[in-house]
Amino acid sequence: MSAAGRPAASPTCAGPAPEPPTGLPTGPPTGLPAEPSTEPSTEPSATPRSRRRRSRRSLPVLALLLALLTSVGLTAPASSAEWIVLCTGYDTCNAAGYSDSGYKAVSSTSYWRQTPGHNCTNYVAYRLVKNGMPNVRPDSLSGNAYNWGPAFPTQTNNSPARGAVAWWNTSYSATGHVAYVEKVISPSEILVSEDNWGGDFRWRRITLTGGRWPTGFIHLKDQGASAPTTDPSWQVAGPVRLLDTRTGNGAAKVRVTGGSAVTFQVTGRGGLPTSGIDKVLLNVNATTPATDGYLTVHASGTTQPTARAASIRAARPNTTSVMTRVGSDGKVRIYTSATTDLSADVVGWSATGGHVAGGAPVRVLDTRTGLSATKAKLAAGGTLSLTVTGRAGVPTSGASAVLLDVSSANATGGGWLTTYPSGATRPAAPQVRYETGKAGTGLVVARIGTGGAVKIHSSAQTDVMVDIVGWLRSGGDQVALTPKRVLDSQSGLGFPAGRVPAGSAPIVPVLGKAGVPSSGVSAVTVTVTAVSPTASGYLTAYPSGAAETPYATVKYLSGATVTNTIVVPIGPDGAIRVRTSAAAYVKVDITGYVLR
């Protein structure tokens, strides 16, 4: 049992000590449950002399206790800018128009198996259940409030939204804290309601500059769109499906005719802000196209670029990650050269002025026309050098990596394209797969090498095209690496040699691997590959310890080889998982990471 007489496994919340309803805080948060006395005193009455001796002896003990309290994360009194209390207590808050949403009447009930009563996690779980989530604790959730962010890595970012969970790690207190976002006044000011262990219910106003801004916001059952953010870091999303012409999601329920385009809303959906988004990372699917062809993806309201974001094959699923700008109307346009169904899942985004920069896609190499290379197919085993700095908006300094759509066309045999920094050794981790006579395209995050250049190697003879779709600012939170393989079930690397069984999801440790730091990292950029599956199916990459995401990372036909590059949040154990729905050889290459 815990000191408070409840099961030790029950999550707690380190809420600050309650303040008078009319004032600002007068002391530090307690951070720990109250500890009632459980045994009567058996000590005889003390004399004045003995009390003085005991008082002198207790001074170093008190100093030690104060030091220990500081060491577990208890904080100093908050300033008025940090801790603006609007009301305290169920009745007082309700009378002042700050509702407890009915929690007082049901506070003795446990939600998501949290400790009932005055407890931040139980209160927030109640609000989420009231918003429509089931009263079943998610499998990934355990322990104290500081575990909430790591438990929901794909739903946690830095953008507040009404109905989101405001989450603090141990920088707030020893056990963390969660609150419910009631209102987003601006990207830097929010109102929250909360209940506190050993304290009381209250509403607070929190400002970004006040020093008590949440560590992150967890989007589980938002009641409004996220607010725009001035945070330049990469924001994880979903994945959330924003377009599906098979169901009528985001566009008409009809196949898109070859030679035409579909435009769909991105901002204000799937937990994304209504404005302030510059770029989004989409996982785009073309399902059973009528013919071979290609997709072009660009910001709504802009001229369609002469670049391809994806090469698509007839009568099969085609999955490709696409980085694109968002139009001034918050929309994205997808053009298809072949009649097909289209779907798109958003997996991340960057705010205006963020660390991911760049404009519309610009073609910078094409061996078919002689652009930046000899007008001839690249020979099998050949390598091209491509200068990327000073072109297509990439600066001559201040850029660490480029985002490229790399394509093959008219190949004389099946093979691979590998892009890597100039001056580095070519890695055994290719990114783009192509078949004989067919085109192949993939998104590549390539670190810039010596001379501001990258190199592209092809294993078979083929034409090569390269489009610049963006670049990463030096010193930003996205870091590109020279690709390195960390799992290969075909060779026995990181998994017993052989096909991964259908339905299995190998754990792939990524922290401290292949150049990824051992801490301070929120997500990893990986290229996942399925080789020779025994049936049609898909691969899904997702955080270890979390539920499998509902949308595939890449889809495949029986016997095919497919690959895709994706950004995956890292689980609490420092790993990701890659699940295959059919038995297949599975390969995972790390190509970069995102700092926390």
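The values are calculated or read from the model by the stated rules, or taken from the named source; none is laboratory data. Nothing here was measured: the structure is a model prediction, and the numbers come from that model. Here the Cβ is made from the backbone with ideal geometry for all residues, glycine too, and neighbour counts use every protein chain on show. SASA here: full protein model, heavy atoms, side chains in, ligands and nucleic acids out. Shrake-Rupley method; radii C 1.70, N 1.55, O 1.52, S 1.80 Å.
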When the accessible area of the range 477-595 is split by element with a 1.4 Å probe, what percent falls to carbon and sulfur? 52 percent
Within the range 252-302, what whole-number % of the accessible surface is contributed by carbon and sulfur, with the 1.4 Å probe and all protein chains included in the calculation? 53 percent
10 Å-binned pair-distance histogram of the range 84-218 (Cα, whole percent): 13, 47, 35, 5
With all pairs of different alpha carbon atoms counted, what Kirkwood hydrodynamic radius in Å does the chain show? 26.0 Å
Taking the Cα-to-Cβ direction at Asp573 and at Thr383 and moving 7 Å from each Cα, how far apart do the two end points lie in nm? 3.8 nm
Expressed in nm to one decimal, what extension gain is obtained for the pair Ser558 and Gln223 from 0.36 nm per residue of sequence separation less their Cα-Cα distance? 116.4 nm
A chain fully extended from Thr339 to Thr303 at 0.36 nm per residue, minus the present Cα-Cα distance, gains in nm 10.8 nm
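Excluding Met133 itself, what net charge comes from residues whose Cβ is under 15 Å from its Cβ, given Lys and Arg +1 and Asp and Glu -1?
With Lys, Arg at +1 and Asp, Glu at -1, the neighbours total +3.
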Rounded to the nearest whole Å³, what is the per residue volume of the convex hull around the Cα atoms of the range 504-567? 96 Å³
The relative contact order of the chain, taking Cα pairs under 8 Å that sit 6 or more residues apart, comes to a percentage of 11 percent
Quick one: angle between helix 120-130 and the longest Cα principal axis of the chain, in degrees between 0 and 90, rounded to 10, please. 60 degrees
Only Lys, Arg, Asp and Glu count, each charged at its Cβ (+1, +1, -1, -1), so figure out the dipole size of the chain about its Cα centre, rounded to 20 debye. 700 debye
In degrees, nearest 10, range 0 to 90: what is the angle between the Cα axis of helix 48-71 and the longest Cα principal axis of the chain? 10 degrees
Which of the peptides 579-589, 419-429 is most tightly packed, and how do the rest follow, going by the mean number of other Cβ atoms within 10 Å of each residue? 579-589, 419-429
Tell me, what is the FRET efficiency for Arg596 and Ala376 to the nearest 0.05, using R0 = 45 angstrom and their Cβ-Cβ distance as r? 0.45
Among Val394, Trp416, Thr525, which residue has its Cα positioned farthest towards the positive end of the charge dipole of the chain, with +1 placed on the Cβ of Lys and Arg, -1 on the Cβ of Asp and Glu, and the dipole taken about the Cα centre? Trp416
With a probe of 1.4 Å, find how much accessible area the range 477-595 has per residue, and write the answer as a whole number in Å². 32 Å²
Env charge @ Pro550, Cβ radius under 10 Å, K,R +1 / D,E -1, value -1
Would you give the gap between the C-alpha center of the range 86-165 and the C-alpha center of the range 366-394, rounded to a whole Å? 55 Å
Considering the alpha-carbon set of the range 477-595 alone, what are its Rg and its Dmax in angstrom? 13.2, 39
All lysines inside 29 Å of Lys375 as judged from Cα atoms, apart from same-chain residues fewer than 8 positions distant: Lys438, Lys455
What's the extension gain from Lys331 to Asn94 if we count 0.36 nm per residue and subtract their Cα-Cα distance? 81.3 nm
Please give the per residue volume of the convex hull enclosing the alpha carbon atoms of the range 231-341, rounded to a whole number of Å³. 98 Å³
Accessible surface, per residue, of the range 84-218 when the full set of protein chains is kept, probe 1.4 Å, Å²: 33 Å²
FRET efficiency for Ser532 and Val106, using Cβ-Cβ distance with R0 set to 35 Å, rounded to 0.05: 0.05
Over the range 84-218, what is the mean sequence separation of C-alpha contacts under 8 Å (at least six apart), divided by residue count, expressed as relative contact order in percent? 27 percent
Find which of Thr425, Thr296, Ile448 sits farthest along the positive direction of the dipole of the chain, computed with +1 on the beta-carbon of Lys and Arg, -1 on that of Asp and Glu, about the Cα centre. Thr425
Site Ala315, offset 7 angstrom along Cα→Cβ, radius 18 Å on amide nitrogen, limited to the range 540-568, gives 556-561
So if R0 is 60 Å, what FRET efficiency would Thr436 and Ile185 give, r being the distance between their Cβ atoms, rounded to the nearest 0.05? 0.55
